[in-house]
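Everything on this sheet refers to the single structure shown next.
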Amino acid sequence: MKLILILLVGMGGLWLSVKQLLRNVREIRLKPKGAHRTEDKVFNYPLMFLWFGYLIVFFGGLIVNNLIIH
């Protein structure tokens, strides 16, 4: 039962992380060309990809770890 719950949480978190990342990338692409500030390009966008990368690796690792160990 515990394994199923952890896998469901992992898959749900992975799905939400990927969904939110794709939504953010879509919003960035839909912005007008002059709307991107230098601060966004240098600071916000790389940190966004870093954050979602960590989330995807965490939830993916949670799924793989529980499938291999149990």
Expressed as an acute angle from 0 to 90° and rounded to the nearest 10, what is the orientation of the C-alpha long axis of helix 2-30 relative to the principal long axis of the chain? 10
Taking only Cα atoms, what is the 0 to 90° angle, nearest 10, from helix 45-69's long axis to the longest principal axis of the chain? 10
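Run the numbers for Arg29 and Tyr45: contour at 0.36 nm per residue of separation, minus the present Cα-Cα distance, in nm. Present the calculation step by step, with values, prior to reporting the outcome.
Values: separation 16, 0.36 × 16 = 5.76 nm, distance 1.18 nm.
This chain segment gains 4.6 nm when fully extended.
Would you mind working out the accessible area per residue for the chain, using a 1.4 Å probe, and quoting it in Å²? Intermediate values should be presented prior to the final figure.
Details: 5640 Å² over 70 residues.
Result: 81 Å² of accessible area for each residue.
What number comes out for the charge environment of Lys31, summing +1 per Lys or Arg and -1 per Asp or Glu over other residues with Cβ under 13 Å away?
Numbers: positive: Arg26, Arg29, Lys33, Arg37, Lys41; negative: Glu27, Asp40.
Overall, the nearby charge balance is +3.
What percent does the relative contact order of the chain come to when contacts are Cα pairs within less than 8 Å and at least six residues apart?
Once normalised by length, the contact order is 68 percent.
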So how far apart, in nm, are the two label points at Ile56 and His36 if each is 7 Å from Cα heading toward Cβ? 1.8
Of all accessible heavy-atom area on the chain, the percent that carbon and sulfur account for (1.4 Å): 73
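With +1 on the Cβ of every Lys and Arg and -1 on the Cβ of every Asp and Glu, and nothing else charged, how large is the dipole of the chain about its Cα centre, in debye rounded to the nearest 20? Before the final figure, lay out the partial values.
On the way: 9 positive and 3 negative charges, 57 e Å.
Here the chain has a charge dipole of around 280 debye.
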Dividing the alpha-carbon Rg of the chain by 2.2 N^0.38 Å yields what? 1.44
Would you work out which of Ile28, Leu8, Leu55 lies farthest towards the positive end of the dipole of region 6-70? Charges go on Cβ: Lys and Arg +1, Asp and Glu -1. Ile28
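The values are calculated or read from the model by the stated rules, or taken from the named source; none is laboratory data. This structure is a prediction, so every number in the text was calculated from the model and none was measured. Virtual Cβ from ideal backbone geometry, glycine too; neighbours counted across all protein chains shown. The area values use the complete protein model at the heavy-atom level, side chains included, leaving out ligands, DNA and RNA. Shrake-Rupley method; radii C 1.70, N 1.55, O 1.52, S 1.80 Å.
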